[in-house]
Amino acid sequence: MRIRDLPSPNHDERPAGAPVDLLILHYTGMRSGEAALARLRDPAARVSAHYVVEEDGAVFRLVPEERRAWHAGVSHWRGDTLLNGRSIGVEIVNPGHEFGYRPFPALQMAAVCDLCLEILARHPIPPRSVLAHSDVAPDRKDDPGELFDWQGLAANGVGLWPAEDGMAEGDPLRLLGAIGYRTDLPLPVLLRAFQRHWRPERVDGIADAGTLARLAAVASAAG
Ligand SMILES: [Zn+2]
C-alpha cells in the first residue's frame with residue numbers, strides 16, 4: 001500500500017530485547033486530521049504514533065516501527081504496564097466523542113485493515129493483542145470507540161472476534177482479567193471498555209446476559 005512519510009520528532013529507543021507484540025488502535029479525537037498531524041509532530045506535545053490514517057484512506061508514517069512512539073501513555077495489559085515499548089500505535093482520524101464522534105468511512109477502514117495486515121506480517125502480534133487504547137487505559141480513554149468496526153477487521157484477519165457467544169455465567173471481573181484488562185478499577189469502567197470493543201451495541205457498563213456471554217467467549221478465545 002502507499003504510505004507517505006511525514007516524520008515526527010517524538011520517539012525514542014525501544015527497550016532492548018522487548019518484542020513488538022501489541023498493536024494499539026486510536027482515534028485522533030481532534031477537530032481535523034490536519035490538527036492531529038500537527039500535534040503528533042509537535043515536539044512540545046510529546047505525543048506521536050507510528051501511523052495516521054485519514055478519513056479518505058491516506059496513510060502517513062510518522063515514526064519508524066523500530067522506534068518507540070508515544071501513544072499509549074499510562075497503560076496496562078496482561079500484567080504489563082507502559083506499553084509503548086512493545087507496541088505499534090495507529091491513530092485513526094475521527095473527531096471522537098468530544099468533537100462529534102462519527103462513523104469511520106469505508107475507505108478509511110479499508111486502509112486501516114491493509115495497514116494492520118502489513119504490520120501483523122512483520123511482528124509476532126497474536127489476534128488477541130490487537131487492542132483499543134480504551135482497553136489498555138479504560139479509566140482515561142474511550143478510543144477508537146464503539147463505532148469502530150472491530151468485527152469487520154477480525155473477519156479480515158485483524159484482531160480477535162469470537163465465532164459465537166459463550167455461556168452467560170462467571171464472574172465478570174475474573175473474565176475481564178483473563179482477557180487482559182487490569183482489574184483494580186470499578187467494574188462499570190472496565191465493562192464499558194470491554195463493550196466499546198467487543199459489544200458495541202450496548203455500552204452501559206452493566207454485566208447483562210449478553211455482555212457476560214460475550215465476555216466468556218472473548219476470554220476463552222484469548223486464553
Ligand atoms: Zn488514543
Specify the angular offset, from 0 to 90 degrees and rounded to the nearest 10, of the alpha carbon long axis of helix 106-122 from the longest principal axis of the alpha carbons in the chain. 90
At a 1.4 Å probe, what is the % contribution of carbon and sulfur to the accessible area of the chain? 52
Based on DSSP, what percent of beta bridges with both residues in the chain are antiparallel, to the nearest 5? 35
So what's the back-of-envelope 222 nm ellipticity for the chain, counting only DSSP H runs of four-plus at -39500 (n - 2.57) apiece and dividing by all residues, rounded to 500? -9500 deg cm²/dmol
Taking the stretch 1-75, the equivalent ellipsoid from its C-alpha gyration tensor has semi-axes in Å, biggest first, of 20, 14, 12
Express in % the proportion of alpha carbon pairs of the stretch 1-145 at distances exceeding 21 Å. 36
Could you compute how much accessible surface Ser220 exposes when probed at 1.4 Å, giving the result in Å² to the nearest 10? 90
Principal axes first, then extents: for the Cα atoms of the stretch 64-223, list largest minus smallest coordinate on each axis, whole Å, largest first. 43, 32, 31
How big is the dipole moment of the stretch 72-223 about its Cα centre under a simple scheme where the beta carbon of each Lys and Arg is +1, that of each Asp and Glu is -1, and everything else is neutral? Debye, nearest 20, please. 300
Suppose accessible area is computed on protein heavy atoms with a 1.4 Å probe; arrange Met30, Met1, Met167 from highest to lowest. Met167, Met1, Met30
When you have a sec, figure out the Kirkwood radius of the stretch 176-223 from all distinct Cα pair distances and drop it here in Å to one decimal? 10.5
What translational diffusion coefficient, in µm²/s and rounded to a whole number, does the Stokes-Einstein relation yield for the stretch 138-223 at 10 °C and a viscosity of 1.306 mPa s, taking the hydrodynamic radius as the Kirkwood radius over Cα pairs? 124
Assuming R0 = 35 Å, can you tell me the calculated FRET efficiency for the pair Ala168 and Thr81, based on Cβ-Cβ distance, to the nearest 0.05? 0.65
Any chance you could give the angle, 0 to 90 degrees and rounded to 10, that helix 209-222 forms with the longest Cα principal axis of the chain? 60
Relative contact order of the chain, please, whole-number percent, based on alpha carbon pairs below 8 angstrom and at least 6 residues apart. 21
Gap separating the Cα centres of the stretch 201-222 and the stretch 1-67, nearest whole Å: 31
To the nearest 20 debye, what is the magnitude of the charge dipole of the stretch 3-54 about its Cα centre, counting +1 on the Cβ of each Lys and Arg and -1 on the Cβ of each Asp and Glu? 160
Put +1 on the Cβ of every Lys and Arg and -1 on every Asp and Glu Cβ in the chain; which of Thr28, His197, Gly157 then has its Cα farthest towards the positive end of the dipole? Thr28
Tell me, what does the Kirkwood hydrodynamic radius of the stretch 127-174 come to in angstroms if you use every pair of distinct C-alpha atoms? 12.4
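The values are calculated or read from the model by the stated rules, or taken from the named source; none is laboratory data. Model, not experiment: these values are computed from the prediction. Quick reminder, even Gly has a Cβ in these numbers, built from the backbone with ideal geometry, and neighbours come from all protein chains shown. To get the accessible areas, we keep the full protein, side chains included, count just its heavy atoms, and leave off ligands, DNA and RNA. Shrake-Rupley method; radii C 1.70, N 1.55, O 1.52, S 1.80 Å.
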